[in-house]
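This report concerns only the one structure given below.
FYI, it's all coordinate maths here, none of it is from the lab. Here the structure is a predicted model, which is why all the values come from computation and not from measurement.
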Amino acid sequence: MFSKSKSRKIAAVLALTGILIPISGWHKFYLGQPFWGIVYLLLSWTPIPHVASAMELVWYLVQDEDEFGRNFTLGEKRTAEPGIDPTQVSAIAEALRQLEQLRQDGLISEYEFEQKRRQWLDRMI
């Protein structure tokens, strides 16, 4: 849906045009939301999309570039949480299984297990 980086300034200018001219919704097409763009175009004869464009203009302007990018740009896939390396997840899961086995065998205490488990999980974040 979102394929490349989007500019907060361009989105704001397009939202502004939705307030000033009779046809609104161009910012929705720019941001990769064609369904909402069509809705805005179809409702352009009412004040609804113009008011919504004004509210979105303010929303775009109060966001910083990073927040805007997180909301409207998907250069990378959002399959994993930020900070988690998917290639390490299986290795950490295996280490946790082995740690659990050590606890079950009585080779480490519950306290040692919990401390080590937290260390492994902190590596994922």
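Give me the number: length gained by fully extending Met55 to Ile21, i.e. 0.36 nm times residue separation minus the C-alpha to C-alpha distance, one decimal in nm.
Result for the pair: 10.7 nm of gain on full extension.
If the viscosity is 0.692 mPa s and the temperature 37 °C, what Stokes-Einstein diffusion coefficient in µm²/s follows for region 1-69 when Rh is the Kirkwood radius over Cα pairs?
Estimated diffusion coefficient is 278 µm²/s.
Starting from 0.36 nm per residue, how many nanometres of slack lie between Trp45 and Gln104 once their C-alpha separation is accounted for?
14.3 nm
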